[in-house]
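What follows is a set of notes on a single structure, which appears directly below.
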């Protein structure tokens with residue numbers, strides 16, 4: 001048997017607040033659900049699970065444009 005580790009599964013991240021005037025994004029990580037992280041702009045990495053780009057705005061902008 002090999003002791004190869006499985007790659008970590010991606011965690012879900014939930015945006016709790018977007019302050020456009022100040023440029024602050026607050027979000028929660030599935031790995032630490034009772035903790036909230038804040039970032040100036042979209043975060044490049046989650047401080048809890050280290051996942052890259054945990055909060056993406058590409059999907060929401062695309063959906064918004066399709067509705068217009």
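The values are calculated or read from the model by the stated rules, or taken from the named source; none is laboratory data. Since the structure is predicted, the reported quantities are computational estimates derived from the model, not experimental observations. Note that each Cβ is placed from the backbone with ideal geometry, even for glycine, and that neighbours are counted across all protein chains shown.
Looking at (1) out of contact with any strand residue (DSSP E or B) (no Cβ under 8 Å at 6 or more places or on another chain); (2) modelled with pLDDT of 90 or more, can you tell me which one residue 44 breaks?
(1)
Of all residues in segment 23-42, count the ones that are closer than 11 Å to residue 13 by Cα and part of a loop (DSSP other than H, G, I, E, B). It would help to see each step written out before you state the result.
The first filter runs over segment 23-42 and keeps only residues closer than 11 Å to residue 13 by Cα, leaving 26-33, 36-37.
After this cut, where a residue has to be part of a loop (DSSP other than H, G, I, E, B) as well, the list is 30-31.
So the count comes out to 2.
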